[in-house]
1. Hey, how many Å between the Cα centroid of the range 179-211 and the Cα centroid of the range 51-122?
2. To the nearest µm²/s, what D does Stokes-Einstein give for the range 234-370 at 37 °C and 0.692 mPa s, using the Kirkwood radius over alpha carbon pairs as Rh?
3. Could you sort 215-224, 378-387, 262-271 so that the peptide with the highest average Cβ count within 10 Å comes first and the rest follow in order?
4. Is the shape of the range 32-133 rounded, prolate or oblate, going by the alpha carbon gyration tensor and its root eigenvalues a ≥ b ≥ c, with a/c under 1.5 for rounded and a/b larger than b/c for prolate?
5. So in the range 168-334, what percent of DSSP beta bridges are antiparallel if you round to the nearest 5?
6. So for Asp110, Asp227, Asp272, Asp361, fewest C-beta neighbours within 10 Å to most, what's the order?
7. Any idea what % of Cα-Cα pairs in the range 294-355 are farther than 13 Å?
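We did not get these values from a lab; they are worked out from the coordinates using the rules stated. If you're wondering where the values come from, they're calculated on a predicted model, not measured in any experiment. All Cβ positions, glycine included, derive from the backbone under ideal geometry; neighbour counts span all protein chains shown.
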Amino acid sequence: MIEISGQIYDLSDPVVMAALAGVAAILLIILMLFLALRAANRSARVSAPLAEQMAVLGHNVQQLSLGQEQLRGGLTHVSEAQANAQVQMVQTVEARLSSVQQQMNDRLADNAMRGQRALAEMQERMKETLHGSSKQTATSLTQLQERLTAIDKAQDNITKLSGDVLSLQDILSNKQTRGAFGEIQLNDIVSKALPTDSYAFQHSLSNGKRADCLIHLPNPPGPIVIDSKFPLEPYEALRRAETQGQMQEAARMMKTALRAHIKAISEKYIIDGETADGALMFLPSEAVYAELHANFAEIVREGFAARVWIVSPTTCMATLNTMRAILKDARMREQAGAIRNELGMLHKDVERLGDRVANLDRHFGQASKDIAEIKVSADKAGRRALRLDSFDFEELSADDPANVVPLSKPDA
């Protein structure tokens, strides 16, 4: 409740509330008008310096226009100077590029000529090497073909003779054929072990006796005789013996035959001043030789005492190899001067070979060096061409005073 001028109003009344709201609105409008008037006065006071500043700003804009005109004239001068500098730079670059291209062409031509010469020399050497290799290969193939032909012929002969070969028992049943068998085996062993000029078959001695084989050894010991003996009947009787009496009789026959052979060789083939102080008795059967050394050691000792050494095919080959070493040593002593001359010539050949290998290595090294130089030149030319292709004439270093065109102060 409120009382105004003696009249009471109820605040909860809608009419009263509407009136109060209208009064409040009027008061708010009045307040706003008052504030607007104050703001207008303040704006009037502030606008005076702003007008002065606008006048100054207009003057500055006029001065800026004059400076812009001067800058436009300077930029025109700079553009002309830059265009002249670009023309000069392009001319300089073209001259340098022409010189570099000429040098590059000369160097590439020189390197190409070197490469061609090196390749020609290398091709010539390779051609010679391949020609020599092909010639050796053809020679080897020819020799191989000849050997295969000889083997085929030998195989054909063996096939033809296989039907006519008699059994060993048939061959050895006769003393003459048995002696021929021993001599043939001895001839085969000697001819394989010794050079052809170091022995003689069926050689006649001064006493009129003929030896199966005479080995020409130097003194000492001198020429030595090899005689082939084959006591087959006593050996077969010994192998067939079944009783003690038969075995004793076969052993006696074996001893008698061997003593007779040893005595005959000692008397016939050991001659003072003509042959060596000893001789060899060749047994063409390893079985007979083994039986002799196993059960007849006294016969072997008797042979040693009579200076007759009994050998089998195996031990004969070993003895002949020893004789070959003696012959080789004697011939080397005889040919010592010739060997020294040959060694001197061989040393010169080795030195010449070393020089030629060094020359060949130098040629290969020079060719490798030329190829490496060609690659370096090609790489340099490629990099230089890439730089020229990506060169930008508009990019000038700001720190280089030689690339800056000074601006002259315009006349006022």
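1. So the two Cα centres are separated by 107 Å.
2. The Stokes-Einstein estimate is 163 µm²/s.
3. Descending packing order for the listed peptides: 262-271, 215-224, 378-387.
4. Verdict is oblate for the range 32-133.
5. Working: 8 of 16 bridges.
DSSP beta bridges in the range 168-334 are roughly 50 percent antiparallel.
6. The most exposed by this proxy come first: Asp272, Asp361, Asp110, Asp227.
7. Tail of the P(r) past 13 Å holds 76 percent of the pairs.
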